[in-house]
């Protein structure tokens, strides 16, 4: 779909001035000087030629319809040019011109009109307000970047043009290359979702990097990313998180979530590796672009120095990887060739005076061992080190055994040629061993994601109509928050268990209902006008016989009339007294970008004080809810500590999945708390004690 | 004290061979070629001159007593040479020779003898088994390192010679210089403690770096570091942590602590900044060596690009720093000179086409604002950027205002000369903004440490004699674990409250005691032979009257005789029934290096499942216990949530301090748990319900 933009047979540059100080000139020059193999047309109102190419006054005058038109003219003139492009039948645009949405006011309106025209003509557009795009596969540099990146297998999209410049400059120094390099600008049309789709199955990109500041279409992004990450790792850095967390939230869950939780869940559920820093972004990019995927988590370390070996071993254990245990053959192979003072176990210490032959022995034995999934080669430059020969050994062995090999050559001054050689031969080198380890740990997480079974979604039989009608009536009454009885009805319609309960309108009826429900019961005043029932003594618990039920009715009604004169009183609710269990909070908040976000945690102080709650975006799969629940710190309390039996975890999971179905069915639910869900022991189910639902 | 080693007037090299491949030759050459201004004597059995210097067959033949002797000969010959040095009156040794403790067996014995001789002659020694030392202040390079470091204000000690090599190589590429550079080797004599003392008040070192693998004298290290960090920041990286955590521990606290907790507490309590990675170590070294100390936590950011500005702002908020709020004057100054599309608030966005004049405007206004404590200057290289002029502006302003200024020039390829200029002028540059922010955050932690009030230690009046006698009798009986009654006695002797309790030997006496203590009471079998009292029904709670007390006595005694026939029965303990409160665990474990480590956390699942416990080394000051308690995640539960009153926090702190005094008084206590300490509301105190003490 975006072929005409990334692999155009012909490109016209509108604003290609003969003046070398103008941006349009720079763009044209970048196309011409970087081996673009198609036809290039400068468009300029007066010039007859620019950079030796025939120039045309308008797109309309071109001898053919160009695949791609790049626009680098003042914003006021852009719409007219887009019209001309439309008339000419152009399909692809890159609008570098700034002065649109990013300046607010009129610019915003101008961008709206621009997008309308683009859509009207069936075009696709990158920008406006961007640095342009670079595609090393088709040798196309349609940008005003000062540098052409190396050719490589990393596709990059960035919402910040300045980050593009910095990344180009940095990558050029590191010898890192790109396949596609896109400055998204205001992303009025082509955005991160469109690019993810376009780059799915791209044979030229082994890894996709994204620098994101915000995402418009959250669910679209998650779906696209889920598709792509099955084949290609996606590494994203999301900035602008903390400052944004100021959204007002009236519910419990909302205030716990913040906007950060939605991004975290979106990345987690779509298999995107999130980099926390730019360093990490490139550490990972290098590993995925250069090395094969790791097949397990067992790491071997080869080192010529004890200290760095310890540092790396520590890092392996801290990051959830495992130090490989060598087979007897491996240890024998090491013992046969290494000096007796070497360490034949993991980490393999080949001693400070090691030359390349010992690196060969150590790395070969490690990679040949079926119990090793990846190797880290550490080197501190010593008098005896033969750096180039050692690099040759590493490069050769890494190609022989298709397992990831990374290095940490520690130092700088004396390493120049060796580091260049490693980079040119696709061996990722990290200045310090910890970063090598952390990168491998992320790669393990990615392969685990890729290898996980396909997610399954449960669909429950529910009474959707009943909820629809109820919401309609709530809206009609001008309210957004459901009353207690209404909320109970929704819970019931979606198949979640509630305490047995009926409304009594006399002491005798209360006693009758209580006997039918079974003692003990709880009794509560039922009134639309009394919100804080407990405060006026309108709730009595632990009622164990019919006489007490009669007494309680009278007392509750008396108190309600006394302390809330004028309140409408519907009667007294007689309710099954639920026996104690572990209390869970299941809450929903609706993220403006990503939609419903469902949190689950142990209720009370655990979520309030310890903030121990895990969020996932709806719809939640069976695998996701399982993993969600296991990710809270207090999960051991659910599984049971000190010989306690396990709580009914399946019942919690089912509740979350039913809530997921409910909020997907009814986008008008903006907030919801089930608090508490009382969970009994395994096999004994869970009961919703209280629920709160707020509509848009 | 170590003057003769670091600033010797004369140096002899034993093993200074004429053969350029021998280590002794390399060492001699390093001394000669690096501008050492004293006298150098090669010592060699046969050579008459080495590198043009007159050689001597032995130290004994020298015309004077050299201040320092470097030994680079086979290990078997070292002792004899040390004897000669002793006879000649030498005071300082650097033993580079390997083959001592690190090879085990005979080497260990050789090292013991070496140290004995060194001490006998009153010498100080670096090594053995080290790379040597380099002191750029006295232009002394007594090492076989391949490079001489730049002169600078960083003092470094490293337990790993290979790390020394790597660090030298790396620093040389970064332009970072050192004042002292010490490879500690086996640190038989001079260790990290001795160097800390030697480097206290060193006018040539603005920061001390330490690469540590293990510490022998924990308390000595903590005391030395506490002294030094008052004047000079110390940054340490400790490796070899996870693998070591296998020490057997029989108590609750011991198993929660691990060896890592002791190091963490030691660094924390002595003001050492702990670097987690080598990257972080050098990020911090650069900042402290180059820039003045920060006086607050308010950061200003100046950037020519929005994206990196957001990244840096996020990092500031995440790391506990504050984005500075500018004064009206500052905003006016910015508005007067910057283009209208710039951002005049923090972060100051001077727009992509900014040249050095806008950097001047932005940085000057920020540094002049009294509400700004430090500035971060971000730059992505754009077509209009004038890098060298911008560097000049930054350097000049950083010298004018004595506030820390750091940069993040993002890129690589086009930045070379700019980065060299920044480094040469003491402006720390970080490839990515997050690292600039994290480094400033660490600097803030250091100044907070430096500015904190001096710690105060409470001393309680206790009955030390009683405990001493008790421990003696426990040891006499061949036990290491105290019985319940004995443990209670210790608790009582150290002034901690226990439930009122007396032993009854008849039903009537039980009723009598219970009436005196006050109902309700708890009654428990008292027998040295019955460990699991509850299991045999030997505990009854909630006894509310005299009749029940009599009944309980008989029942408990009956059960004890029935289920534990032959057990010695001392009677039945009648105990005050402590009303409910918040339960706290106070535990002690003894770290082999650092001594007693005291943990405090909320009891039960909070420590068991959530591992929410904070450790400090004893003796603990009043300030430390306060901060210790506040550092547990569940601290809000102690302060009270949901309108609950606060627990008696002062009573918890006092308990910890009394335990601290106890374990300092009695080093034979290896483990101790107070679990639970029942804490009532503020002002109502805390009671020890159960305690366990294990002696060496």
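All of the numbers you see were taken from the coordinates with simple rules; none came from a lab. Since the model is a prediction, treat every value here as computed from it, not as a measurement. Ideal geometry is used to build each Cβ from the backbone, glycine not excepted, and the neighbour counts take in all protein chains shown.
A few comments on the model shown:
- Position residue A:592: other-copy label points at 5.8 nm, ordered by increasing distance, label point 7 Å along Cα→C-beta.
- Global form of the range B:632-682, assessed from the alpha-carbon gyration tensor, a/c cut-off 1.5: prolate
- For the pair the range A:150-199 and the range A:652-696, the centres of their Cα atoms are 42 angstrom apart.
- Peptides ranked, highest mean first, by Cβ atoms within 10 Å: ranges B:321-330, B:127-136: B:127-136, B:321-330
- 0 to 90° range, to nearest 10: angle between helix B:278-290 axis and chain B longest Cα axis: 60
- Modelled this way, with points 7 Å down the Cα-to-C-beta line, the labels at residue A:500 and residue A:461 are 2.3 nm from one another.
- Those residues of the range A:459-493 whose amide nitrogen sits under 19 Å from the label point placed on residue A:696, 7 Å along Cα→Cβ: A:465, A:467-482
- If R0 equals 56 Å, the separation of the Cβ atoms of residue B:201 and residue B:684 corresponds to a calculated FRET efficiency of about 0.70.
- Share, in percent, of DSSP beta bridges within the protein assembly as shown that are antiparallel, nearest 5: 50
- Shape of the range A:464-576 from the C-alpha gyration tensor: oblate (a/c of 1.5 or more and a/b not above b/c, with a ≥ b ≥ c the square roots of its eigenvalues).
- Using the Cβ-Cβ distance between residue B:355 and residue B:519 with R0 = 60 Å, the FRET efficiency computed as 1/(1 + (r/R0)^6) comes to roughly 0.10.
- Secondary structure note: in the range B:293-451, about 5% of the DSSP beta bridges are antiparallel.
- Across the range A:293-451, the convex hull enclosing all Cα atoms gives 95 Å³ per residue.
- Angle in degrees between helix B:106-120 and the longest Cα principal axis of chain B, rounded to the nearest 10: 80
- DSSP bridge orientation in chain B - percent antiparallel, rounded to nearest 5: 50
- Across chain B, the mean sequence separation of Cα contacts (distance under 8 Å, 6 or more residues apart), normalised by length, yields a relative contact order of 9 percent.
- Fully extending the segment from residue A:399 to residue A:87, taken as 0.36 nm per residue of separation minus the present Cα-Cα distance, adds 107.0 nm.
- Distances in nm from residue A:231 to the matching label points in the other copies, shortest first (labels 7 Å along Cα to Cβ): 6.6
- Tail weight of P(r) past 49 Å, computed on alpha-carbon pairs of chain B, percent: 35
- Dividing the summed helix terms, -39500 (n - 2.57) for each DSSP H run of n ≥ 4, by the number of residues in the protein assembly as shown produces a 222 nm estimate of -12000 deg cm²/dmol to the nearest 500.
- Estimated inter-spin distance, residue B:664 and residue A:343, nm [label 7 Å along Cα→Cβ]: 3.8
- Across the copies of the chain, residue A:402 has label points (7 Å from Cα along Cα→Cβ) spaced 6.4 nm apart, shortest distance listed first.
- Shape of the range A:552-618, Cα gyration tensor, a/c cut at 1.5: prolate
- Label positions at residue A:477 and residue A:579, each projected 7 Å from the Cα along the C-beta direction, are separated by 3.6 nm.
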